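Contents: one structure, followed by commentary.
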Amino acid sequence: MTILKWIAAGVVLLVVLAAVGTQVWFAMSIRPVEPFVPTDKERAELAFYAQPESWFIAHLKGPRETVDGQTLDPKLQYMFEQTRPARASTMRTAPLIFATPWGRAFVRNGVDRQWLMFTKITAPMARVED
């Protein structure tokens with residue numbers, strides 16, 4: 001019976017250490033947003049999504065999708081197609097991430113960085129089509 005108690009205590013300790021480690025990981029990965037300096041990975045992502053619309057149309061996995069009567073932008077549809085496989089696991093882990101202040105700050109920081117990266121002032125457009 002004593003061995004079972006030690007095993008149970010070890011399992012509880014491992015669970016607690018995993019939970020603490022997760023929270024420390026979230027807390028350590030939160031970087032201040034300002035001043036915004038894109039990382040190498042963010043610069044590569046920005047360059048990737050700066051490709052012409054025709055490239056994204058050619059690389060879509062399926063036909064153009066329509067939502068609420070509007071055809072999705074090819075870049076947006078491409079991004080959705082890339083993230084759909086991970087959606088199930090993301091939906092399962094989201095409540096755990098949002099359950100702590102560090103998890104919420106981690107998500108908020110990521111969204112803030114994406115917003116700053118993709119909405120910054122860029123070169124003037126060559127033309128606008130209505």
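Quick note: the coordinates plus some simple rules give every number you see, no bench work behind them. Predicted, not measured: the structure shown is a model, and the values here were computed from it. Glycine gets a Cβ as well: all are built from the backbone with ideal geometry, and neighbour counts include every protein chain shown.
If you go through the range 92-116 and pick out every residue that is within 27 Å of L46 (Cβ to Cβ), touching a residue at least 60 places away in the same chain (Cβ under 8 Å) and of a type in the set (S, T, N, Q), you end up with 1. Residues of the range 43-86 that are closer than 20 Å to Q114 by Cβ and among the polar types (S, T, N, Q): Q51, Q77, Q82, T83. Among what's in the range 64-86 and is touching a Ser or Thr at 6+ places or on another chain (Cβ under 9 Å) and under 17 Å from P52 (Cα atoms), pick the residue that is surrounded by the fewest Cβ atoms within 10 Å (Cβ to Cβ). Across the range 64-86, the extreme among qualifying residues is R64.
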